[in-house]
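Take a look at the structure set out below.
The values are calculated or read from the model by the stated rules, or taken from the named source; none is laboratory data. These numbers come from a predicted model, not from an experiment. Quick reminder, even Gly has a Cβ in these numbers, built from the backbone with ideal geometry, and neighbours come from all protein chains shown.
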Amino acid sequence: MACSARYFHRRNFWKHLPILIIGVLAGYLVAYNRPRIQQPIATVAEYNNMPQHSVRAAIVALVRNSDLFGLRLAIRQIEDRFNRKFQYPYIFLNDVPFTEEFKQGVQALTKAEVQFGQLDDESWGIPSWIDLDKYEQVKQTAQYPHGNKDSYRKMCRFQAGYLHRHPLLQYLEYYWRIEPDVEYYCDIEYDPFLFMKQRGIKYGWNIAMTEFMDTIKTLWNTTSQFINKNPHLVADRNMLEWLVDRDSGYGGCHFWSNFEIVDLSFYQSQAYQQYFDYLDKAGGFFYERWGDAPIHSLAAAMFLDASEIHYFNDIGYFHPSVLSCPKGASKQGTCVCDDTRSFVQDGHCTVRYKQVRKKVLEPGEPYGVHDVHSGPVIMAEAYVG
């Protein structure tokens, strides 16, 4: 009787197997295509439970709903070149709620966790101490890019002083900033977050340029006042000489912050917060058009040891109008970009950075151009320096 029963069950199992398979596949497809409900990762423990990550890190962008296409281009690039292997979460921030179209448009491009956040009035606004009449006059007479835009100034102030304080970034160790329409030209076979953590690196950059000096007329004077009041905050082996020449003064060199990989403990430090608050009270974000990039650069040069700043010259990167391409990439390695169109590696700000870094870290050695290590040996095909 028992054998007959087992036979009966086997016959029914094989009879209904095709239906079972179809049902399982249908359920999987429905679950896969269902919009994912975003729950903020709220604790360190939850990040630590992601076994593929030994660093609590995320890829972060401040964007608008209208940036959807440009951001999709950037995500496609960074997924293909890096994140499909490492699956770091994305965090997107906006001063208004994200549309469902935006959310679905970016989620479709990655299997990684995606979180969406909104800015509060304090972080995205004009402070009460700003003289609005004076500010309006500045906007009407400004002759530099974005000089008449409230939103651009608010963006610079947020990136300089509030991004690292947003609740969605609270438990991160590192963040990698991306922007719409940027491109990545090299396979990134190692983990830059882990690379930085293992070596105690606080700030990573890719492009150094000079700023429009009309936008930062009083930034260095204000910074000098801060230094005079807080000399104990300046690192012994600092990089201020990169930015301030004894003969010509402050020249406006800065790391382009549209690409930066940062240990957030740097921005969350007491020294950085005091510096930002001092600048914020001075009003230069609105009375001029102080950018987050020169402020981040001044802070890194002041507060960090020279060894805590890293030049990621092995990562081919394009931000509209400027290309950084590893030397030799047009002919060899895993980068695909035209290094003959890339001028920033030999530009004044990059060359001076290498010179000053060598002088600071290798005192007594000849004061000349220093080839900065470009990452693990695995990347040496793309750039031998």
Filter the range 328-351 down to the residues that are surrounded by 16 or more Cβ atoms within 10 Å (Cβ to Cβ) and touching a Phe, Trp or Tyr at 6+ places or on another chain (Cβ under 6 Å), then identify the one that is farthest from Tyr174 (Cα to Cα). Cys337
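For the range 252-272, how many residues meet the condition of being touching a residue at least 60 places away in the same chain (Cβ under 8 Å) and either in a strand (DSSP E or B) or not hydrophobic (A, V, I, L, M, F, W, C) (or both)?
First, pick out the residues of the range 252-272 that are touching a residue at least 60 places away in the same chain (Cβ under 8 Å): 253-254, 256-268.
From what is left, the residues that are either in a strand (DSSP E or B) or not hydrophobic (A, V, I, L, M, F, W, C) (or both) are 253-254, 257-258, 260-263, 265, 267-268.
Counting residues in the range 252-272 that are touching a residue at least 60 places away in the same chain (Cβ under 8 Å) and either in a strand (DSSP E or B) or not hydrophobic (A, V, I, L, M, F, W, C) (or both) gives 11.
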Mind checking which residues of the range 137-149 are at pLDDT 95 or above and within 20 Å of Leu279 (Cα to Cα)? Val138, Lys139
Which of the numbered conditions does Tyr171 fail, given that it passes all the others? Conditions: (1) at pLDDT 95 or above; (2) crowded, with 18+ Cβ neighbours inside 10 Å; (3) assigned to a loop (DSSP other than H, G, I, E, B). (1)
Matching residues, the range 304-347, being in contact with a strand residue (DSSP E or B) (Cβ under 6 Å, 6 or more places away or on another chain) and in a helix (DSSP H, G or I): Arg341, Val344
With respect to Asp187, is the statement that it is within 28 Å of Arg84 (Cα to Cα), touching a residue at least 60 places away in the same chain (Cβ under 8 Å) and over 15 Å from the mean Cα position of the chain (by Cα) true? yes
Hey, among Val182, Val106, which residue is buried (at least 18 other Cβ atoms within 10 Å of the Cβ) and free of Cβ contacts under 8 Å to residues at least 60 places away in the same chain? Val106
Does the range 135-150 contain at least one residue that is surrounded by fewer than 17 Cβ atoms within 10 Å (Cβ to Cβ) and touching a Cys at 6+ places or on another chain (Cβ under 8 Å)? no
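Please go through the range 196-241 and pick out each residue that is part of a helix (DSSP H, G or I), of a type in the set (S, T, N, Q) and more than 30 Å from Tyr184 (Cβ to Cβ). Working first, answer last.
First, pick out the residues of the range 196-241 that are part of a helix (DSSP H, G or I): 196-199, 213-215, 219-229, 231-233, 240-241.
Imposing the further condition that a residue be of a type in the set (S, T, N, Q) reduces the set to 198, 215, 221-225, 228.
Selection gives Asn221, Thr222, Thr223, Ser224, Gln225, Asn228.
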Gly147: farther than 22 Å from Tyr311 by Cα and touching a residue at least 12 places away in the same chain (Cβ under 8 Å), yes or no? yes
In the set Lys149, Lys103, Lys111, which member is basic (Lys, Arg) and over 26 Å from Phe193 (Cβ atoms)? Lys149
